[in-house]
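Peer 1: First the structure, then my questions, so here it is.
Rule-based calculations on the coordinates, nothing more; no lab input. Keep in mind the model is a prediction, meaning the values are calculated, not measured. Backbone-built Cβ (ideal geometry, glycine too); neighbour counts: all protein chains shown.
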Amino acid sequence: MVQDHMGHGVGCTDSSLDRKARVAWAWRAAKNSPAAKHGRLVLWSLNVTAGSVNGSKTSPYAELLAEASAAAGRVLPALAQSWNSNAPNTLQGNVSAKLGSYEKMKRRKLVIARSSRHDSESEDEPWQQGTTVEEGLSCPMEDLQGAKKAAQAMLVASVFAAELSTKERLPVLVLGRPPGHHSTCAHEVALETPRYSTPGGSIPGKHLGGGCFYPSCWLAAVHCMREGFSQKLAYVDIDAHKPDGVWMELDNLCKSGRTRRAAVFNGKSDVCEGVFFTSMHLDGYPKKSGYHDWQSVTCTIPKGPKRAFEVRLNEELLPKGVTTGDIKTNDVVLDAFARWNSAVEAELLSFEPNGVFVGLGFDLHKCEEHVDKQIGLGLDRRQYRKLMQDFPTTALTGPVVLTLEGGYTKAGVTDGMLGVISGLDALARKVASANQRPGAVVTISAGLRRKARESLLRSPKEKAREDRRSTKPTATSAEQLKKGGA
């Protein structure tokens, strides 16, 4: 888990949907969870700017953070250049170009490119009422330099989480801001681009929005393919809204030529053997946008002359009545979740990915009151727990990384977080039992400036010594985990 408490200028006011307090709610819930109290949850604090892990700049994991920073500095430019070959060659250069351009236009009136079926004007469309770019895209940015630091920190922390999960064979949950699943890695803002076609319906072609600047979870996934940690990926999105930015990234990479893919994958164009992409979300984005042409989709897009790898797709669209208020009973939502969860479990067993990446949103919680659904309709901790614990044990043959997406109401974030931690704890223990070794969940906190305890996991040297003494897989022992906390 990565938590970001730094005053970084993104959503710092109560009028902003993406309030920084929501990360504190999730962090507090994790610390108070039964898994933490019983020593099965390891809490980490990262300060990406200072280069410290749990307050130390010299531990082996501070070295790992430095390596993650360098890796993010290679992956982001490669992905940005897959969109535009003129993108800068550094992480800082890309972030400065994108957020700097956004700073210049955020006060302008928002203009959205339309497809032919949405040419008529509507009083319901907020950009027809003098909405600014910043308001329309829900990307509040009070301080440019702080926002740059926050965006970079989330990218680095997500890569760090992927490295940590790979080394420890444990799920790692990243809590931080800004979120990412509505954005791409492109260095341009490009608000007036044509709509982008997907099997589930067309989406805005913008490269940011919905409070998102960069898809940190997807960046971590690509890093794992570059480094040989993963070849078959699963991206699972549980959020009120469609992960349009991540889909655009996936689709763009799949359709890129060998030369561009080789640049992204560090010289190896055919690293990716396939991706399973799945999401459950509301119909409409948002409901007043006038775009309601989406549909539920279950299909396989095969590898072929125009696609470099197979994509398996499963999108569960909640009925429009959930957003319009016509549906009053929560059974409709729970039935849809049960159907989707069963499909995800079956597909993960069949596909056997060696890398699972989760866009974790809590705005589908029944207590959420700030998105396009009625209070009382949605999920609770039981569904979040079930989704996580139903991942097959084979999921941990590679990295399992979760990053925080939506969720803006304290009750929803707290209850949902407890469900997620419980489910991940059950998954880790299930995997540990299958491998006859102890299990745990790792929680990372990035950006915290307060002092935290030293690293609880073993150093690479300690692991090497143990590996020479035993052929059993290395792991964090339950006894070690009981010695510490946040």
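Peer 1: Explain nothing, just the number: dipole magnitude of region 222-372 about its Cα centre with +1 on each Lys and Arg Cβ and -1 on each Asp and Glu Cβ, in debye rounded to the nearest 20.
Peer 2: Details: 18 positive and 23 negative charges, 168 e Å.
Here the size comes out at about 800 debye.
Peer 1: If you don't mind, another one. Please list 3J(HN,Hα) in residue order for region 29-38, calculated via the Karplus relation 6.51 cos²θ - 1.76 cosθ + 1.60 where θ = phi - 60°; whole Hz, with x for glycine and proline.
Peer 2: 4, 5, 5, 8, 6, x, 4, 5, 5, 9
Peer 1: For ARG107 and GLN145, compute 0.36 nm times the residue count separating them, minus their Cα-Cα distance, and round to one decimal in nm.
Peer 2: 11.9 nm is the gain from fully extending ARG107 to GLN145.
Peer 1: Go from 0 up to the bin containing the longest alpha carbon distance in region 227-329, width 10 Å each, and give me the % of pairs per bin.
Peer 2: 14, 40, 26, 15, 5, 0
Peer 1: Right, here's the next one. What list do you get for LYS373, LYS268 if you sort them by fewest beta carbons within 10 Å?
Peer 2: LYS268, LYS373
Peer 1: If you don't mind, there's one more thing I want to ask. Take the alpha-carbon centre of region 300-345, take the same for region 40-57, and report the distance between them in whole Å.
Peer 2: Computed from Cα coordinates, the inter-centre distance equals 36 Å.
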